[in-house]
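Read-outs: derived from the displayed coordinates by stated rules, not from any lab. Since we're looking at a predicted model, the values are computed, not measured. Cβ sites come from the backbone with ideal geometry, for glycine too, and all protein chains shown count toward neighbours.
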Amino acid sequence: MRRYLIQTFGCQMNVHDSLRIEEVLSAQGYAATDAPELADLILFNTCSIREKADHKLRSAVGTFRELKERKRDLVMVVAGCMAQQRGEALLDEIDLVDVVIGPDNIAELPELVGHVRAGGPPVARTVFDLDAPSFLQAHAPTDRHEACAYVTVMKGCDERCTFCIVPYTRGAERYRTSSEIIAEIDRLCDAGVKEVTLLGQTVNSWHEPHESAEGGSRFAWLVERIAREVPKLARLRYTSPHPRHMTDALIAAHAELAVLPAHVHLPVQSGSDRVLRRMLRRYRRQDFLERAAKLRAARPSFTLSTDIIVGFPGETEEDFQQTLSLVREAGFVSVFAFKYSPRPHTPALRLGDDVPEELKSERLERLFEVADAQQAAHLQSLVGSELEVLLEGRSKTDPARMTGRSQRHEIVHVAVPPGLDMRGKLVKVRASSAYKRSLVAEAVEPWPRLPPVDAFPPVEAVQPARKQALRLPLVSS
Ligand code: SAM
């Protein structure tokens, strides 16, 4: 049996693409491995949003040089945004690479690997499927007991933010039909998925593929249809929304639909109108703050998180102060912040990169200081309160705990007796303390008491009362 190893870099879009790649390879009889020396195929699913991602890829590929030289039939593949950005040039730039494949060409991976295995030269395929968009369906996990799944609703980006390489690496916007999206969510729920995250580069610009973009976003309608037609779905998230498509209808959906979280990750990028204009974000500080206020009013204790770029070309201390004040005013409970990184093919290249590196670092630090204080205050305010947590798996650092997310999206560590598999279960817990970025909590109701495996009596000896005790009282859906 052939084996593959996948390393994934970057955003949720890439995590989702890697799962589709796994499905394509499994259909060809490949099995996953964590051991490079057992792998017949090593694939790097890359990101190119910031320059650091370039370096990460080169050093990741480099670690397998000795193995590749020793194992001549090992196939090395670069997929994802960097593959799309560089195309064939990557084959020359990194001599170890056999196949370069773009995000729209995943289904063609077996064909390209077969070509190389048959002795063909290294090959690149990076063609956008603009005319006949294909969306690789997620096949419901059967053996992984996944509680959470991603579902793509659109791909590509028609925004023209001057700092961003995404329109170049992911192409123009293409949309999936609502019926296909709903059918996929329905299948995932039948396989035990409780939480779905709708994915798209500007997820909330979604409309049916046959509808005109002039009619505006129909994302709120999509979300309402999912809630109505898939009632077994416990949680519905989406990422990444663009603030200019955060319509009143979508805000109202957050107020009305329990399946939507009382939380949105809404990238603002800057708090200064001058910088927002130069970024071509197409909203002003005031527009953003008004939408944030409406969202916070939609549901009790609604929270917001965001993305921010510091050191965009021409950013002054005054601009940066505006960003700090917006972070306070919007009350973000979590901030992902990045130093501006000039990217090929982006309009901002013409603006230069005039904020010195040390100043970018200093601003980043000051921003994190404010953001961390807000996050700490938020988490502390939750201590003592009851939360509903979707348990995802055992904690990596403490096997006596399972980790999950609250309905709003806080990370919560819950003490769960060893041997009790509560993956994919929704449980009520009470937060007992707060770490820097997460909460610790205890179950509100007693855990189901499962006897040790070897203590199970023969089936015919099980009394009705005993069967009763085996039911899981904490499962709320
Ligand atoms: N859809 C999102 C939006 O509304 O902008 C973009 C998501 S992008 C994958 C993640 C984040 O990377 C962006 O929100 C932005 O903060 C950051 N980013 C994008 N291009 C960047 C650049 N050239 N330099 C630094 N950070 C960048």
**OP:** Keeping to region 68-92, report how many residues are in a helix (DSSP H, G or I) and surrounded by 15 or more Cβ atoms within 10 Å (Cβ to Cβ).
**Re:** 9
Original post:
What pairs can you find where one residue is in region 266-291 and in contact (Cβ under 8 Å) with a residue 40 or more places away in the chain, the other is assigned to a strand (DSSP E or B) and away from the ligand (no atom under 13 Å from the Cβ), and their Cβ atoms are less than 8 Å apart, with a gap of 6+ or different chains?
Top reply: L266/L304
**OP:** Working only within region 177-189, note down all residues that are buried (at least 19 other Cβ atoms within 10 Å of the Cβ) and either within 16 Å of the ligand (Cβ to nearest atom) or over 15 Å from A138 (Cβ atoms) (or both).
**Re:** S178
Original post:
Restricted to region 203-218, and to residues that are touching a Gly at 6+ places or on another chain (Cβ under 9 Å) and either among the β-branched types (V, I, T) or under 18 Å from V264 (Cβ atoms) (or both), which residue is nearest to the ligand (Cβ to nearest atom)?
Top reply: S205
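Every residue, every condition in (1) in contact (Cβ under 8 Å) with a residue 60 or more places away in the chain; (2) in a helix (DSSP H, G or I); (3) surrounded by 16 or more Cβ atoms within 10 Å (Cβ to Cβ); (4) within 11 Å of the ligand (Cβ to nearest atom), yes or no:
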{"residue": "K294", "(1), (2), (3), (4)": "no, yes, yes, no"}
{"residue": "P300", "(1), (2), (3), (4)": "no, no, no, no"}
{"residue": "F312", "(1), (2), (3), (4)": "yes, no, yes, yes"}
{"residue": "R343", "(1), (2), (3), (4)": "yes, no, yes, yes"}
**OP:** Among the residues of region 426-442, write down those that are over 11 Å from M402 (Cα atoms) and either over 25 Å from the mean Cα position of the chain (by Cα) or surrounded by 13 or more Cβ atoms within 10 Å (Cβ to Cβ) (or both).
**Re:** L426, V427, K428, V429, R430, A431, S432, S433, A434, S438, L439
**OP:** Search region 259-278 for residues being of a type in the set (V, I, T) and touching a Leu at 6+ places or on another chain (Cβ under 8 Å), and hand back the single one that is surrounded by the fewest Cβ atoms within 10 Å (Cβ to Cβ).
**Re:** V259
Subject >> The one condition in (1) away from the ligand (no atom under 16 Å from the Cβ); (2) more than 20 Å from the chain's Cα centre (by Cα) that A79 fails to fulfil >> reply: (2)
Subject >> Residues of region 190-231 classified as polar (S, T, N, Q), assigned to a loop (DSSP other than H, G, I, E, B) and buried (at least 17 other Cβ atoms within 10 Å of the Cβ), total >> reply: 3
**OP:** Taking the residues in region 345-393 that are in a loop (DSSP other than H, G, I, E, B) and exposed (fewer than 14 other Cβ atoms within 10 Å of the Cβ) as candidates, determine which candidate is nearest to the ligand (Cβ to nearest atom).
**Re:** H345
Original post:
Are any of the residues in region 146-168 in contact with an Asp or Glu (Cβ under 9 Å, 6 or more places away or on another chain), within 24 Å of Y283 (Cβ to Cβ) and aliphatic (A, V, I, L, M)?
Top reply: yes
Original post:
Restricting the search to region 314-325, which residues are away from the ligand (no atom under 14 Å from the Cβ) and surrounded by 13 or more Cβ atoms within 10 Å (Cβ to Cβ)?
Top reply: G314, D319, F320, Q321, Q322, L324, S325
Subject >> Top-ranked residue in region 1-58 [being hydroxyl-bearing (S, T, Y) and crowded, with 16+ Cβ neighbours inside 10 Å; ranked as nearest to the ligand (Cβ to nearest atom)] >> reply: S48
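Every residue, every condition in (1) in a helix (DSSP H, G or I); (2) of a type in the set (D, E); (3) within 16 Å of the ligand (Cβ to nearest atom), yes or no:
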| position | (1), (2), (3) |
| --- | --- |
| L233 | no, no, no |
| R244 | yes, no, yes |
| R282 | no, no, yes |
| F288 | yes, no, yes |
Original post:
When F332 is evaluated against the numbered criteria (1) exposed (fewer than 14 other Cβ atoms within 10 Å of the Cβ); (2) more than 11 Å from the ligand (Cβ to nearest atom); (3) assigned to a loop (DSSP other than H, G, I, E, B), which criterion, by number, is the only one it fails?
Top reply: (1)
